[in-house]
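In what follows, a structure is listed as structure tokens, so that the remarks can point back to it.
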Amino acid sequence: MIQILLVDDHPVVLEGTKALLQNVEDFEIGVAYDSTNALQLMNERNFDVFLVDINMQPVNGIELAKMIKNLCPNARIILYTGYDLQDYYDLILSKEIDGLLTKAVMKDQVIHTIRGVLRDDLVISNDFVDYINQKFKHSTINSQTALTEKELAIIELVAKGYTNKAIAIEQSLTQRTVENYLTKIFARLNVESRAEAVAMAKDKGLIE
Amino acid sequence: MMNGIFSLLTCITAIYYLKAYFSKEKMAWPYFKNHHHLYILVVVMMICDSIVMFNRSFIHIRYIIFASFICILGSIILYLLIKGYFTYRLKKLKFLLYIILSPILLFITLYIVPFLFLKRHLATDDIAMMGILFIPFGLTFMALTDRLENLNYYINRLRYYSMFSFISAVIFTTAIFLVSEGTMQNYMQVCLLLFFCQLLFLYCKEMIDFKERKVIFTTKKNYIHQLYGSVNRIGLASNRTDLFHRLKYELSLKLTIQDVEIMVVNDENSHKQFNHLSLGEMKKIKSDYFTLLNKNSIEKYILRFSTKNKRLNLTKEELLWVELLTLYVNNFIENMRIIEELLSEIESLKNAQSYRGTWIDKLLWSMFEKEKKQLAQELHDTVLQEQLHLVREIGSQINDSAISIQQIERIREQLLDASHELRAYCENLNPPLLTTRGLDVALDKLIKKIKMRANFMLITEIERLLIEDEVLNLVIYRLMQELFNNAIKHSDATSVTIKLYQEDSIVQLLYEDNGIGCKDVQVHQTSNSMGLRGMMERVHAFNGTFTILSEINKGMKIHVKIPLGEGFNDTNFISR
């Protein structure tokens, strides 16, 4: 049996996640509503995987992860959050945590990630590579500057001074999608900002 | 023997005097309205005295009767005085009490007490009653002090009239002596007759003068006295208008003129004739007298009164009196102005303080309200609308038994969009990274987001700061956020540079853009810059400085310095 402890100070999310994983045959689920509660449960029994919410009061998930690693270096810790995962990629690099999940993911992905971290696999979205690239400034995809049609349309609108919202309306997309496109464009052009992207695109003759 | 009766009469007179005094001071008389019955005591005393004349042995009984009568009258007087004093608390009554009480006490100690205990007197009744004789003296003295000033005036007037009458009488008599013959006695008689006739004439003239022309006899001394009184009365004025009113009143009363005027003259409407007027100096132009009362940088106050239809000229004493009075009035006005200035200064200080307080409160309130309103509007327009849309969509699927995977997938995507937006609002309201990952990571994320949205080239140099104070971290984060927002919304810049570093326990934030800039004053006043204004207040709350350098079309530079380790006095400020 795989012993899993869920730590979250939102009862609705806590129960929801528990319900999600309860029917998995080889999972045994424990729940804790805050860090103190979690540490108490750790004294009573051993856990293999910890699924910890980041935004908790008064001790947040990152601090709790450190405590858990101190007490039990073999424990696998997966942080899960409603916010952007990219903000926590460096915690994976520093090996403070073993995985990351957003609260919007589906059941399969949660199970997949839990099984992954137990096999010492890194189960993570592929934009982690963009993060690594940007972090170490040696882009392996520098040559692949060809942008898709959609990306070109977007960068052209950016060059015209459209805001992301305006682009979303113009292209019948959501702002989230536009920003996703922009991230991809930035990665392709090896830049970090709209202004740089426009300059680079002009430089490479992609747009007028 | 007779003195016994007179003693009683004195006491009764004293009661009469008190009644008169009470009615003069408008006090209620606390004894019988009619007190002629007191004379019965005198009559009884007279009968006793006459019995004593025939029968010497009756003298003892007479003493007892006399002593008891005096006691009765004395206690009536005492009662009246004490009752009057305790009802009205007049100082004069207290004085009166002493005047009357001390002789009576003297009488009791010298006469009655020894008689009752030793059966003999230390002094005869007449001597013992001597003290009572001082009562009228005391009363006279009291009455005189009230009128002594007037007495002085009467004596002066008498001396003046006598001298005048005497000299003219002597001159006339000498003239008669030269042209006619007669005895010395005749001349003396003529002289005396002339003297008294003239004295009488002068008094008559004075009465007629007073009745017909309101002119009264005055001497130099009396003018000084009048000036003293006038200055006192004018000094009671509480403002300039009142002062002028009082001055006019004094002048019209003392100089018996009606045509008194105080003119306000400024440089534009000033006549040439007014330029030569100086303080404390009367100028006569035709039948009008002019003098300068007071002048300040803007205007002059000029006193004018007319002697038309009146005596030809003012006497020298009168002129002197007016001039002195105007000098005093000038002083009053000057002092009054200084006081007014000080008062208005205090008032303006008070106002400035309360104004500042309410101004800040209003600003903060309107800032928060504006933010709330904006957030509510945005949430309503985005997340709420999307949620409602999804609710409708799911609702329409309920009756439809076969829901396609694609439909659910689409609904999930829309929900993800909605939560993405909601998350953006949450991050904006309370950046979660600031508490979980610290300022450094939070700023990184903020910059990334700005780069994703802004069109300008953003150059950043962010030093890793280690600040323990959570509120200060938040302030720095908000400063950056506000600077970026300002740059996106208002600057129209193509390049923005921002540097954050620490130097000798001072956090420094440098912002520079090449946008349209603005005038310094606009930063303070326009509602668009309310964010900047709010930032300033936040920085000031941390004892920091906030400097803006900007010119139209020449970009904007902002330099913020916040000292570390300085206590933040009002922690409510942020949470408010």
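Just so it is clear, none of the values below were taken in a lab; they were calculated from the coordinates. Predicted, not measured: the structure shown is a model, and the values here were computed from it. Please note: Cβ atoms are built from the backbone with ideal geometry, for glycine as well, and neighbour counts cover all protein chains shown.
May I ask you to work out the translational diffusion coefficient for segment B:149-213 at 10 °C, viscosity 1.306 mPa s, via Stokes-Einstein with Rh from the Kirkwood sum over Cα pairs, reported in whole µm²/s?
Answer from the Stokes-Einstein relation: 122 µm²/s.
By a straight-distance test (C-alpha under 19 Å), which aspartates and glutamates pair with residue B:350 as possible cross-link partners, with residues fewer than eight away in the same chain excluded?
Of all the aspartates and glutamates, those that pass the test against residue B:350 - Cα under 19 Å, at least 8 places apart if same chain - are B:340, B:341, B:361.
Give the Kirkwood hydrodynamic radius (Å, one decimal) of segment B:410-468, defined as one over the mean of 1/r across all pairs of different Cα atoms.
About 13.3 Å for segment B:410-468.
Between segment B:62-118 and segment A:1-29, how far is it from one alpha carbon centroid to the other, in angstrom?
Comparing the Cα centres of segment B:62-118 and segment A:1-29, I get a distance of 110 Å.
Per 5 Å bin from zero, what fraction in whole % of the C-alpha pairs of segment B:435-509 is there, up to the bin with the longest pair?
The calculated distribution, bin by bin, is 3, 14, 29, 25, 16, 9, 4, 0.
Looking only at other chains, what is the average number of their beta-carbon atoms within 10 angstrom of each beta-carbon in A:79-89?
Mean partner shielding for this stretch: 4.
Taking just the alpha-carbon atoms of segment A:2-125, what radius of gyration and Dmax come out, in angstrom?
According to the Cα coordinates of segment A:2-125, Rg and Dmax are 12.9, 35 Å.
Could you tell me what fraction of 2.2 N^0.38 Å the Cα radius of gyration of the protein assembly as shown comes to, as a two-decimal ratio?
For the protein assembly as shown, the normalised Cα radius of gyration comes out at 1.98.
Restricting things to alpha carbons, tell me how big chain A is in terms of Rg and Dmax, in Å.
Expressed in Å, the Cα Rg and Dmax of chain A come to 20.7, 67.
In cubic angstrom, how much convex hull volume per residue do the alpha carbon atoms of segment A:149-203 span?
66
Could you tell me which of the pairs A:95/B:448; A:69/B:451; A:69/B:372 are separated by over 32 angstrom between their Cα atoms in the structure shown?
Distance filter (> 32 Å) returns A:69/B:451; A:69/B:372.
Given B:44, B:293, B:234, which one lies farthest toward the positive end of the charge dipole of the protein assembly as shown, if we put +1 on the Cβ of every Lys and Arg and -1 on the Cβ of every Asp and Glu?
Most positive-ward Cα: B:44.
Within 10 Å of each Cβ of A:7-18, how many other protein chain Cβ atoms are there on average?
What the average comes to for A:7-18 is 0.
Could you give the distance between the Cα centres of segment A:166-208 and segment B:329-347, to the whole Å?
Cα centroid of segment A:166-208 versus Cα centroid of segment B:329-347: 72 Å apart.
Rounded to the nearest 500 deg cm²/dmol, what is the calculated helix-only ellipticity per residue at 222 nm for the protein assembly as shown, with -39500 (n - 2.57) per DSSP H run of length n ≥ 4?
-20000 deg cm²/dmol
Of A:2, A:175, A:197, whose Cα points farthest to the positive end of the dipole of chain A (charges on the beta-carbon: +1 Lys, Arg; -1 Asp, Glu; origin at the Cα centre)?
A:197
Find the eigenvalues of the gyration tensor of the Cα atoms of segment B:2-128, then list the square roots of 5 times those eigenvalues as equivalent ellipsoid semi-axes, largest first, in whole angstrom.
30, 17, 10
Which one of B:166, B:193, B:179 is farthest out on the positive end of the charge dipole of segment B:149-213, using unit charges on Cβ (Lys, Arg +1; Asp, Glu -1) and the Cα centre as origin?
Selected residue: B:166.
Please work out the Cα center distance from segment A:85-125 to segment B:417-488, rounded to the nearest Å.
Comparing the Cα centres of segment A:85-125 and segment B:417-488, I get a distance of 25 Å.
Under a Cβ-only charge scheme (Lys and Arg +1, Asp and Glu -1), can you give me the dipole magnitude of segment B:2-128 about the Cα centre, in debye to the nearest 20?
520
Beyond 20 Å between alpha-carbons counts as too far, so tell me which of A:150/A:184; A:18/A:107; A:103/A:135; A:135/A:204; A:150/A:202; A:202/B:554 fall in that bin.
A:103/A:135; A:135/A:204; A:202/B:554
Report, as an integer, the average count of C-beta atoms from other chains found within 10 Å of each Cβ along A:161-170.
The shielding value for this peptide is 1.
How much length is gained on full extension from residue B:365 to residue B:155, taking 0.36 nm per residue of separation minus their Cα-Cα distance?
67.6 nm
Which value, in debye to the nearest 20, describes the size of the charge dipole of segment B:149-213 about its Cα centre when Lys and Arg Cβ atoms bear +1, Asp and Glu Cβ atoms bear -1, and nothing else is charged?
The calculated dipole for segment B:149-213 is roughly 100 debye.
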